[in-house]
Each structure stands twice: as structure tokens, then as C-alpha cells.
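Below: the structure, in C-alpha cells.
Read-outs throughout are calculated quantities, based only on the coordinates presented, and are distinct from any laboratory measurement. If you're wondering where the values come from, they're calculated on a predicted model, not measured in any experiment. Backbone-built Cβ (ideal geometry, glycine too); neighbour counts: all protein chains shown.
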Amino acid sequence: MTEHAGVHQKGTFNLTNLISNAKKNRKFDEAGAIAVFVGVVRGETFEGKKVVNLKMEAYEEKANEVLLAISKELSKKPGIVDVQVHHLLGEFAVGEDVVYVSVAGSHREEVFTVLREAVERFKKEAPVFKKERVVDEEGTESEYWVSEKDSHRH
């Protein structure tokens, strides 16, 4: 785990850590904005089933590598000072935080553009998997693994 990107067990990293890490960047005095994306557990699947809870797992070594590469690459864009991508692992209830992405930069235009790119990239590239436990209209519970890549929707 680095300060700028990685996977963390639930309860070991939070939004306060994210902002604190951004402000520790030696170039932070060049920043005029920090944009933050917080991904939370949705209460309904794309198919309309009710989510009971969610379990997040990852191929941790590779996930750390991918998230750090995204962070480093996007940090080199003009006007960008700091990019962080942190994904939480463990069991989550509906509404709980599962991912944090932040971008600090000179101006909001660059910051918002890079934030969207960081979110889209981690969803496609990071080996993070979720197991959804759902209940249908009849009250029947089921659970299944879904790759973040496969569940990507705009």
C-alpha cells in the first residue's frame, strides 16, 4: 500500500485519510482544488434486484500495482498535482463507502476531467471483484461474483 493508491481492508482507510494524503504532497501548494469521488454500495442491481450486502475482494498485489500506475500516470497531466485511487475490501452494507478517488490540481476544469478518467480507468483495469448478495421480488436470496469490469455502467 502506498499513500497515493491501493487496496485496503475496510476500516483501515477513509475519506479523512484521502484528503490528508493529498495535502501531504510536496507540490500541494500549486493546487487550487481537490475533487473527490466516493463510490458507495448501491441498494439495487442494474437488473432491479435488492442488494442485501456486498463483499469486495482483489488480487491485491496486482490491484495495488494497477491503482498506483493510474495514479502516477494521471498525476503527470498538465495542471495536476496529486491523484489517488483507494479501493476498500471486505463486507459492506448498502450505503457504505467502497472506493475513494481524489484529484488535486491548479484549476477545476483539469481536476474534473482527470477525476472522471481515474474513475473510468480503475473500473476497467483493476482486478477487484464483488460478490453481491441480492433478493428478488419473491424474497429469494442469491449471491454471485461480478468483476468490476463486467459491472461497469455509465
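How long is the chain along each principal axis, judged by its Cα atoms, biggest number first, in Å?
The Cα atoms of the chain stretch 55, 29, 24 Å along the principal axes, largest first.
May I ask you to sort Ser71, Ser106, Ser20 by Cβ crowding, counting other Cβ atoms within 10 Å and putting the fewest first?
Details: Ser71 25, Ser106 15, Ser20 11.
So the ranking, lowest neighbour count to highest, is Ser20, Ser106, Ser71.
Counting only GluC sites (Glu not before Pro) that sit in a DSSP loop (anything but H, G, I, E, B) with at most 13 other Cβ atoms within 10 Å, what is the longest stretch of the chain containing none of them?
Values: sites that count: Glu47, Glu137, Glu138.
Segment 48-136 is the longest.
In debye, nearest 20, what is the charge dipole magnitude of the chain about its Cα centre with +1 on Lys and Arg Cβ and -1 on Asp and Glu Cβ, if you could check? Don't skip to the answer; put the middle values down first.
Details: 23 positive and 27 negative charges, 116 e Å.
The calculation lands at about 560 debye.
Once phi is turned into θ = phi - 60°, what whole-Hz ³J(HN,Hα) does the Karplus curve with 6.51, -1.76 and 1.60 give for every residue of the stretch 30-37, x standing for Gly and Pro?
7, 7, x, 7, 10, 10, 10, 10
Relative to the longest principal Cα axis of the chain, at what angle does helix 60-75 sit, 0 to 90 degrees, rounded to 10?
40
Where does the chain land at 222 nm, in deg cm²/dmol rounded to the nearest 500, when only DSSP H runs of n ≥ 4 count, each adding -39500 (n - 2.57), divided by all residues? Mind showing how you got there, number by number?
Values: 3 runs with 44 residues, N = 154.
Helix-only estimate at 222 nm: -9500 deg cm²/dmol.
Where is the GNM fluctuation largest for the chain (alpha-carbon springs, 10 angstrom cutoff): Val134, Val111, Val103?
Greatest mean-square fluctuation among the candidates belongs to Val134.
Please give the Cα centre distance for the stretch 37-97 versus the stretch 124-142, rounded to the nearest Å.
The stretch 37-97 and the stretch 124-142 have Cα centres spaced 16 Å from each other.
Using a Gaussian network model on the chain with a 10 Å cutoff between Cα atoms, which of Gly90, Gly139, Gly105 fluctuates the most?
Result: Gly139 has the largest fluctuation of those listed.
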